[in-house]
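Below is one structure; the comments refer to it alone.
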């Protein structure tokens, strides 16, 4: 059985509005708010009965406004770091632009992609 996605990130520039929208919906779905550093502009939820996936709302990484393709991310878990590197290499050889190397990402204070 494949592991669940690691996290889903949605970008926003209006955290209060995003929280007002997502909090009641996720609560109805049985998700709970994770303690997170809201001074960094991150809202994080997780299923009440599991550690993953995380649902994260935060400003887009590049600091620009949220729009289609900027601020949204779905991260899938891989069984090993070697798998991450192989998938990244395949994407690059398939003509996909990106970072020069697959690197870990920090979301909501958690180190991801190791």
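The values are calculated or read from the model by the stated rules, or taken from the named source; none is laboratory data. Computed from a predicted model, the values in this text were never measured in an experiment. Heads up, the Cβs are rebuilt from the backbone with ideal geometry, glycines too, and the neighbour counts pull from every protein chain shown.
Give the residue, chosen from 26, 43, that is free of Cβ contacts under 8 Å to residues at least 60 places away in the same chain and touching a helix residue (DSSP H, G or I) at 6+ places or on another chain (Cβ under 6 Å).
Numbers: 26 fails: touching a helix residue (DSSP H, G or I) at 6+ places or on another chain (Cβ under 6 Å).
Going through 26, 43 in turn, just one is free of Cβ contacts under 8 Å to residues at least 60 places away in the same chain and touching a helix residue (DSSP H, G or I) at 6+ places or on another chain (Cβ under 6 Å): 43.
Right, residue 51: without any contact (Cβ under 8 Å) to a residue 60 or more places away in the chain and either surrounded by 15 or more Cβ atoms within 10 Å (Cβ to Cβ) or in a helix (DSSP H, G or I) (or both) or not?
No, not satisfied.
Within segment 70-81, can one find any residue that is modelled with pLDDT under 75, more than 11 Å from the chain's Cα centre (by Cα) and over 21 Å from residue 3 (Cα atoms)?
Applying the first criterion (modelled with pLDDT under 75) to segment 70-81 yields 70-79.
Right, trim to more than 11 Å from the chain's Cα centre (by Cα) and you get 70, 77-79.
Still in the list and also over 21 Å from residue 3 (Cα atoms): 70.
Within segment 70-81, one or more residues are modelled with pLDDT under 75, more than 11 Å from the chain's Cα centre (by Cα) and over 21 Å from residue 3 (Cα atoms).
Return the only residue of 84, 56, 107 being surrounded by 11 or more Cβ atoms within 10 Å (Cβ to Cβ) and modelled with pLDDT of 85 or more.
That would be 56, the only listed residue that is surrounded by 11 or more Cβ atoms within 10 Å (Cβ to Cβ) and modelled with pLDDT of 85 or more.
Return yes when residue 99 is modelled with pLDDT of 70 or more and outside any strand (DSSP E or B) and no when it is not.
Judged against the criteria, residue 99 is not a match.
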